[in-house]
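Dropping the structure in here first, questions after.
The values are calculated or read from the model by the stated rules, or taken from the named source; none is laboratory data. Model, not experiment: these values are computed from the prediction. Virtual Cβ from ideal backbone geometry, glycine too; neighbours counted across all protein chains shown.
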Amino acid sequence: MKKLTQLGMVFGMVVSASALAGPEEDRTAFQNFYEKRFPQVVEGDFINGVYSILPGAREQWEAIEEFPPYEVAIEEGEELYNTVFANGKSLADCFDTPAQRENYPYWDSEKGKVVTMEQAVNDCRVANGEKPYKTKKGALAAVSAYMSYESRGQAINVVIPDDPAAIAAYNEGKELFYTKRGQLNFSCSDCHMYGAGLNARADTMSPAFGHASHWPVYRSKWQAMGTLHRRFAGCNTNIRAKPFKAQGTEYSNLEYFLTYMSNGLEFNGPGARK
Amino acid sequence: MFKGLVGAVILGSAMLANASQSADAVIAAATEANKQAKSLGYEWNVTGKAIKAAQAALKAGNEAEALKLAEHAKYMAEASIFQAGDEKKNWMLRVPK
């Protein structure tokens, strides 16, 4: 009995230490997990999602990438980026360059929230008297595709400032990643960490390391482009959980956590996936 | 897992206790519980539909069917609340060290 209690205490301590570990320790442990699990993946290649661990499917995917299905979206996005609003301004006036990926997501201490690149695009529109774009697909995904394309090769380098509110947002994203939800009772980590490389129905589940690198994505299943938050919502729906709102606090914090976990990799969006 | 089972048993007996209630009352209870699950961020996407199905059955005058559907909806709403509480305590077990 005494032994059990001691064991319980030790276990409890280890657990609370990791739950409270700072972002940097989290990231090291997170990246180590995948590097140990998939030692065959060469450095930096996790940005290619499931294809980093599936050599067979990769060939097919590389053939698709030769005539990328997201090309139309990039062109459309460039046009929208330069389209003049009713007030004479445009998105181009809000950003010094379309190559913005490396600056997002970031903690905005004035607004007291995480701002994603897609949110910044919508904020720009609203500030200029335009309606915000819908947040999962369409125009916003196109603008995002153009900006991501211009940002290719930038380093993922999310900063979590030493500000309790920023750390709280990060921790909320972290908790969301590790909590089981929905009628099927799965966490993101169940599938994309402990289940990475295993099959869920017809799909092999990708490692979460690299998950945030390549958005938006042209997905064959959608026959269209979709934002990262569209994907989050899809994965939540699949386990029969009510998804959160795209660009709402929950998914923005999740993006903050998930992108930070991939610090050190490169942005390579837009992407193509099954 | 064990706790999950205990929870299911408790919820199961709560369901039996409801057997004498009206469909209307159980629908109201399911709706209330689902609201709570939502505020916790743990609403299941099947619960709202189940509540609607119960309401439709009631409207069509099928009280027994409505009661059955409502009890199932209430069970799911309560299970998602249980899940929220359980996860608050356990999610950190999955964080790699």
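Could you list, in sequence order, the residues of segment A:194-219 that are touching a Lys or Arg at 6+ places or on another chain (Cβ under 8 Å) and modelled with pLDDT under 95?
Hit for segment A:194-219 is A:Asp203, nothing else.
Does segment B:52-59 include one or more residues that are more than 19 Å from A:Arg181 (Cβ to Cβ), outside any helix (DSSP H, G or I) and free of Cβ contacts under 8 Å to residues at least 40 places away in the same chain?
No, that holds for no residue.
Here's a follow-up. If A:Ser148 satisfies all but one of (1) among the polar types (S, T, N, Q); (2) surrounded by fewer than 20 Cβ atoms within 10 Å (Cβ to Cβ); (3) within 17 Å of A:Phe267 (Cβ to Cβ), what's the number of the condition it fails?
(2)
Here is a further query. Could you tell me which residue of segment A:187-208 is farthest from the other protein chains (Cβ to nearest Cβ), considering only residues that are closer than 18 Å to A:Phe177 by Cα and of a type in the set (S, T, N, Q)?
Looking at the filtered set, the residue picked out is A:Ser206.
Follow-up. Answer with yes or no whether A:Glu250 is part of a helix (DSSP H, G or I) and touching a residue at least 60 places away in the same chain (Cβ under 8 Å).
Yes, satisfied.
Turning to a different aspect of this structure: All but one of (1) closer than 21 Å to B:Leu40 by Cα; (2) of a type in the set (Phe, Trp, Tyr); (3) more than 14 Å from every other protein chain (Cβ to nearest Cβ) hold for A:Phe267; state the number of the condition that does not hold.
Going through the list (1) closer than 21 Å to B:Leu40 by Cα; (2) of a type in the set (Phe, Trp, Tyr); (3) more than 14 Å from every other protein chain (Cβ to nearest Cβ), A:Phe267 breaks only (1).
List pairs: first residue in segment B:27-43 and facing chain A (nearest Cβ under 9 Å), second residue of a type outside the set (S, T, N, Q) and part of a helix (DSSP H, G or I) anywhere in the structure, Cβ distance under 6 angstrom, at least six positions apart or on different chains.
Listed by first residue and then by second, the contacts come to B:Ala37/B:Ala77; B:Ala37/B:Ile81; B:Tyr42/B:Ala84; B:Glu43/B:Ala37.
Would you mind telling me which numbered condition in (1) in contact with a Lys or Arg (Cβ under 9 Å, 6 or more places away or on another chain); (2) assigned by TED's automatic domain parsing to the domain that holds A:Gln223 A:Pro55 fails?
Only one criterion is unmet by A:Pro55, namely (1).
Determine if segment A:115-136 includes at least one residue that is of a type in the set (Phe, Trp, Tyr), within 25 Å of A:Tyr149 (Cβ to Cβ), touching a residue at least 60 places away in the same chain (Cβ under 8 Å) and surrounded by 18 or more Cβ atoms within 10 Å (Cβ to Cβ).
There is no residue in segment A:115-136 that is of a type in the set (Phe, Trp, Tyr), within 25 Å of A:Tyr149 (Cβ to Cβ), touching a residue at least 60 places away in the same chain (Cβ under 8 Å) and surrounded by 18 or more Cβ atoms within 10 Å (Cβ to Cβ).
Another question, if that's okay. Kindly indicate the residue of segment B:82-97 that is touching a residue at least 12 places away in the same chain (Cβ under 8 Å) and either crowded, with 20+ Cβ neighbours inside 10 Å or of a type in the set (D, E, K, R) (or both) and also nearest to the other protein chains (Cβ to nearest Cβ) among those meeting that condition.
B:Glu87
Go through A:Lys137, A:Lys111 for me and flag whichever is in contact with a strand residue (DSSP E or B) (Cβ under 6 Å, 6 or more places away or on another chain) and either outside the structural domain of A:Met225 (by TED's automatic domain parsing) or polar (S, T, N, Q) (or both).
The conditions single out A:Lys137.
Condition (residue is touching a Gly at 6+ places or on another chain (Cβ under 6 Å), surrounded by fewer than 22 Cβ atoms within 10 Å (Cβ to Cβ) and either without any contact (Cβ under 8 Å) to a residue 12 or more places away in the chain or not polar (S, T, N, Q) (or both)) applied to segment A:179-197: is it met by at least one residue?
No, that holds for no residue.
Of everything in segment A:167-197 that's in a helix (DSSP H, G or I) and among the aromatic types (Phe, Trp, Tyr), which residue is farthest from A:Tyr104 (Cα to Cα)?
The extreme case among them is A:Tyr178.
Of everything in segment B:48-78, what is closer than 24 Å to A:Lys245 by Cβ and more than 8 Å from chain A (Cβ to nearest Cβ)? Give them in sequence order.
Passing the criteria: B:Lys49, B:Ala50, B:Ile51, B:Lys52, B:Ala73, B:Ala77.
Give me the residue from segment A:209-256 that is within 14 Å of another protein chain (Cβ to nearest Cβ) and of a type in the set (Phe, Trp, Tyr) and, out of that set, nearest to A:Tyr34 (Cα to Cα).
For segment A:209-256, the residue satisfying everything is A:Phe209.
Restricting to segment A:198-241, count the residues that are in contact (Cβ under 8 Å) with a residue 12 or more places away in the chain, more than 17 Å from the chain's Cα centre (by Cα) and either buried (at least 23 other Cβ atoms within 10 Å of the Cβ) or in a loop (DSSP other than H, G, I, E, B) (or both).
Adding up the residues that qualify gives 6.
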